Amino acid sequence: MIIECQNNNVPACKFYKKQGALLSKVDMYAYYHEKDCKNKVQFVWYLDLNI
């Protein structure tokens, strides 16, 4: 499973980590061209459901 969230959603990040997800990508420019989200950072989590 691939999960995307933003750096300002700390409760979600803690939840994904607690579930065993691994932070696989940090993209500081994912929202660069979006006016309202320009300063947010994209986090992409990976969770293996075959465990």
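Some observations on this one:
- Paramagnetic label zone (point 7 Å from Cα along Cα-to-C-beta, Asn8; backbone N under 20 Å) in the range 14-51: 14-16, 26-45
- Protein heavy-atom surface of the chain, 1.4 angstrom probe: 55% of the accessible area is carbon and sulfur, with nucleic acids and ligands not counted.
- Based on DSSP H segments of at least four residues, each scored -39500 (n - 2.57), the chain has a per-residue ellipticity at 222 nm of -5000 deg cm²/dmol.
- Given the choices (1) 1.09; (2) 1.20; (3) 1.04, Cα Rg over 2.2 N^0.38 Å derived from the coordinates of this structure is entry (2).
- Those trypsin sites (Lys or Arg not before Pro) in the chain that DSSP places in a loop and that have at most 15 other beta carbons within 10 Å: Lys38
- Whole-number accessible area per residue in Å² for the chain, which is evaluated in the context of all protein chains at 1.4 Å: 82
- Loop-located chymotrypsin sites (Phe, Trp or Tyr not before Pro) in the chain (DSSP state other than H, G, I, E, B) with a sparse environment of at most 12 neighbouring Cβ atoms within 10 Å: Tyr29, Tyr32.
The values are calculated or read from the model by the stated rules, or taken from the named source; none is laboratory data. From a predicted model like this one, the values you see are computed outputs, not experimental measurements. With ideal geometry, Cβ positions are generated from the backbone for all residues, glycine too; neighbour counts draw on all protein chains shown. Please note that ligands, DNA and RNA were not included when accessible areas were found on the heavy atoms of the full protein model with its side chains. Shrake-Rupley method; radii C 1.70, N 1.55, O 1.52, S 1.80 Å.
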